[in-house]
Amino acid sequence: MAWIEKLVGRSPIGPMQEHMKAAVDCAREIVPLVDAMASGDAAKIRECREHIDALEHKADEIKNEIRDHLPRRLMLAIERRDMLAILDSQDSMADVTQDIAELADQRAMQLPEGLIEPMKALAARVVAACEQAGRIIDELDELVETGFAGNTTTRVEEMISELGRIETETDELQDRACRVIFGMEDELGVAAVYLHQTVLWTANLADHAERVGSRLRLLIAH
């Protein structure tokens with residue numbers, strides 16, 4: 001029956017879920033990283049970066065395994081291009097977390113007093129968005145088994161809507177943090193540029209999480 005296995009290929013659903021778990025684990029590390037930046041602890045920032053690098057590397061290994069073994073034709077209720085689009089959004093969560101950690105480490109970044117609370121609030125909601133996307137991907141096997149129909153679909157649609165609400169909250173928190181930075185530009189000097197970039201990248205984690213939900217919403221609609 002080897003020819004059937006070759007035709008059908010190994011199901012990518014389990015590896016996709018494992019990749020999302022790795023990406024979410026990576027994104028969660030933004031919270032201790034922000035704590036380290038708040039205290040200006042360069043050694044802790046470096047430690048966070050090293051941990052994030054390891055988690056991002058794990059996510060990359062799973063991603064490459066999926067891409068290398070994803071068959072051209074999937075006998076599933078989801079097309080190959082959609083699977084790859086979801087994988088790309090998941091992977092971006094890990095990649096952007098790594099970008100933030102690299103910048104924080106390279107500049108031994110310290111948050112000014114007025115930015116600490118807004119940045120911590122943003123990081124917490126961003127992680128909530130990534131975790132919600134992870135819960136949605138946990139439902140992917142059932143969605144595929146039911147052909148994107150039935151009670152599972154209704155539950156996932158509600159989860160996607162909740163993810164959208166969380167992402168909207170991160171937009172508002174991003175705006176708040178940016179206004180703090182712009183209000184301190186004269187005091188911060190060139191550091192304002194890097195702090196602003198850090199805020200944008202942090203908020204982008206929620207954008208990538210939402211794209212996972214948006215792609216599944218499109219599949220459900222079809």
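The values are calculated or read from the model by the stated rules, or taken from the named source; none is laboratory data. All values derive from a computational prediction rather than experimental measurement. Quick reminder, even Gly has a Cβ in these numbers, built from the backbone with ideal geometry, and neighbours come from all protein chains shown.
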Any chance the stretch 179-197 includes a residue that's over 30 Å from GLY40 (Cβ atoms) and either free of Cβ contacts under 8 Å to residues at least 40 places away in the same chain or out of contact with any strand residue (DSSP E or B) (no Cβ under 6 Å at 6 or more places or on another chain) (or both)? no
Quick one: PRO71 ticks every box in (1) of a type outside the set (S, T, N, Q); (2) modelled with pLDDT under 95; (3) under 25 Å from LEU33 (Cβ atoms) bar one, so which box is it? (3)
Quick check on my filter: what residues within the stretch 78-109 are of a type in the set (Asp, Glu) and modelled with pLDDT of 95 or more? ASP88, ASP91, ASP95, ASP99, GLU102, ASP105
